[in-house]
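The values are calculated or read from the model by the stated rules, or taken from the named source; none is laboratory data. No experiment lies behind these values; they were computed from the predicted model shown. Glycine also receives a Cβ, built like all others from the backbone with ideal geometry; neighbour counts cover every protein chain displayed. To get the accessible areas, we keep the full protein, side chains included, count just its heavy atoms, and leave off ligands, DNA and RNA. Shrake-Rupley method; radii C 1.70, N 1.55, O 1.52, S 1.80 Å.
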Amino acid sequence: MSILFDVTNEFDRLAHVVMGTAEGYHRDSSQVEIVNGTQQRTVDAAGHPTEAGLLPEFAAFRAAMEAAGVTVHQPELAPNSVQDQTCPRDIGFVIGEVFVAAGMRNQSRIEELDGIRHLLADCVGPALEVPAGVALEGGDVVVDGDHVFVGFGQRSDPEGLDFLRAKFGEAFEIVPLPPRSLAEGEDVLHLDCAFNPLGLGHALIYPDGLAEIPAIVRDKFSWIEVTQTEATALATNVLSVAPDKIIARAGPDCARVNGELRKAGYDVTEVAFDGVPSTGGSFRCATMPLRRVR
């Protein structure tokens with residue numbers, strides 16, 4: 001079955017998606033690389049998550065997506081240098097009908113793309129690679145119609161923004177939306193930890209986590225704001241499976257936001273998902289949409 005790449009926003013009905021896998025997670029402890037502050041704090045407090053603990057959470061997430069009619073694909077085991085394949089969003093992304101292989105900042109993630117090459121071989125559409133030496137991860141790329149919002153900071157750099165402008169600038173307006181830095185007291189790993197457009201005209205947003213907010217973000221979206229505690233719990237990092245249907249994290253620090261989403265008209269499916277958030281990601285991070293259907 002050939003899959004046509006097509007992603008023009010974050011919320012049209014999700015047809016095909018690559019979901020991360022817990023299989024093989026940290027199978028060789030000598031190869032594990034700590035790649036962000038959240039992971040380090042988790043390790044210091046309680047140790048790494050385990051494959052056994054992650055597997056049922058991913059099974060529940062997959063079941064929620066399949067119940068919404070999504071066809072779910074999963075990676076094969078990547079080379080042994082890769083010990084974590086839970087967050088495929090970072091390693092590649094689709095803009096319009098083009099797949100982009102990301103530029104990874106951390107060595108342990110560079111070969112992660114090998115785990116999905118068999119899936120990409122069944123897809124139809126042009127593909128690009130971020131040039132060597134340029135950091136640009138999918139968590140920092142948010143597509144919304146004619147606009148592509150781009151973050152840079154901990155995991156992407158301004159050269160990634162320049163690359164997107166060079167390749168997509170004629171078809172899309174590339175809008176910088178950088179998170180605040182660690183030096184400013186905010187630990188926003190990727191843009192999607194602070195900003196996520198939704199299908200009924202809203203956006204989940206953590207304003208204090210953004211260095212500047214352009215007028216288009218103020219004018220285009222009705223904001224559902226989250227606090228620092230809620231942002232840390234990744235309440236923004238939901239996955240839209242249809243314009244009015246969202247998969248969100250269950251838990252006390254996300255409960256208020258999930259309630260606001262329901263008030264705004266969304267059908268919210270809450271899934272217990274604690275292992276991946278303890279390493280810095282949640283549902284958006286754990287998925288790479290290949291095709292959405294309008």
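From the Kirkwood radius over Cα pairs of segment 1-140, Stokes-Einstein at 4 °C and 1.567 mPa s returns a whole-number translational diffusion coefficient of 80 µm²/s. Straight Cα distances below 24 angstrom link Lys245 to the lysines Lys220, Lys263, with same-chain residues fewer than 8 positions distant left out. Taking only the C-alpha atoms of segment 150-294, Rg followed by Dmax gives 15.0, 44 Å. GNM on the chain, alpha-carbon springs under 10 angstrom: the most fluctuating residue among Asp28, Asp267, Asp187 is Asp28. Remark: segment 219-273 carries a charge dipole of roughly 80 debye about the Cα centre, counting +1 on each Lys and Arg Cβ and -1 on each Asp and Glu Cβ. DSSP assigns beta bridges within the chain; of those with both partners inside it, close to 50 percent run antiparallel. Springs join every pair of Cα atoms under 10 Å in this Gaussian network model of the chain, and among Arg218, Arg256, Arg13 the largest mean-square fluctuation is at Arg218.
Using a 4.7 Å Cβ-Cβ cutoff, the cysteines of the chain lacking any partner cysteine are Cys123, Cys193, Cys254. Summarising the overall dimensions of the chain from its C-alpha atoms, the Rg and Dmax are 17.3, 49 angstrom.
Pull out a ≥ b ≥ c, the square roots of the eigenvalues of the alpha-carbon gyration tensor of segment 125-173, then state rounded if a/c is under 1.5, prolate if not and a/b is larger than b/c, and oblate in the remaining case.
Oblate shape, in that a/c is at least 1.5 and b/c is the bigger or equal ratio.
Rounded to the nearest 0.05, what FRET efficiency do Arg256 and Arg27 have when you use their Cβ-Cβ distance and R0 = 45 Å? That pair, Arg256 with Arg27, gives E of 0.75.
Put Lys167, Lys263 in order of accessible area, largest first, 1.4 Å probe: what do you get?
On the way: Lys167 120, Lys263 160 Å².
Final ranking, largest accessible area leading: Lys263, Lys167.
Taking label positions 7 Å along the Cα-Cβ direction at both Asn80 and Lys167, the computed distance is 3.2 nm, reported to one decimal.
From the alpha carbon gyration tensor of segment 161-247, can you work out the equivalent ellipsoid semi-axes (sqrt of 5 times each eigenvalue) and give them in Å, largest to smallest? The partial results should precede the final answer.
On the way: eigenvalues 86, 71, 29 Å².
Largest first, segment 161-247 gives 21, 19, 12 Å.
A simple count of charges around Ser156, restricted to other residues whose Cβ falls under 10 Å of its Cβ and scoring Lys, Arg +1 and Asp, Glu -1, yields -3. Return the single residue from Asn237, Asn258, Asn80 with maximal mean-square fluctuation; model: Gaussian network over the chain, springs between Cα atoms under 10 Å. Per the Cα network of the chain with a 10 Å cutoff, Asn80 tops the list. Close amide H partners of Ile95, meaning residues 5 or more places away or on another chain with modelled amide H under 5 Å apart, are Val100. Using the Stokes-Einstein relation with a Kirkwood hydrodynamic radius computed over Cα pairs, the translational diffusion coefficient of segment 255-294 at 4 °C and a viscosity of 1.567 mPa s comes to 106 µm²/s.
Magnitude of the charge dipole for segment 164-242, about its Cα centre and with charges confined to Cβ atoms of Lys, Arg (+1) and Asp, Glu (-1), is about 260 debye. Segment 160-190 and segment 260-292 have their alpha-carbon centroids 22 Å apart.
Positive end of the dipole of the chain (Cβ unit charges, origin at the Cα centre): among Gly139, Leu14, His26, the Cα lying farthest that way belongs to Leu14. The magnitude of the dipole of segment 76-216, with charges of +1 and -1 set on the Cβ of Lys/Arg and Asp/Glu and taken from the Cα centre, is near 80 debye.
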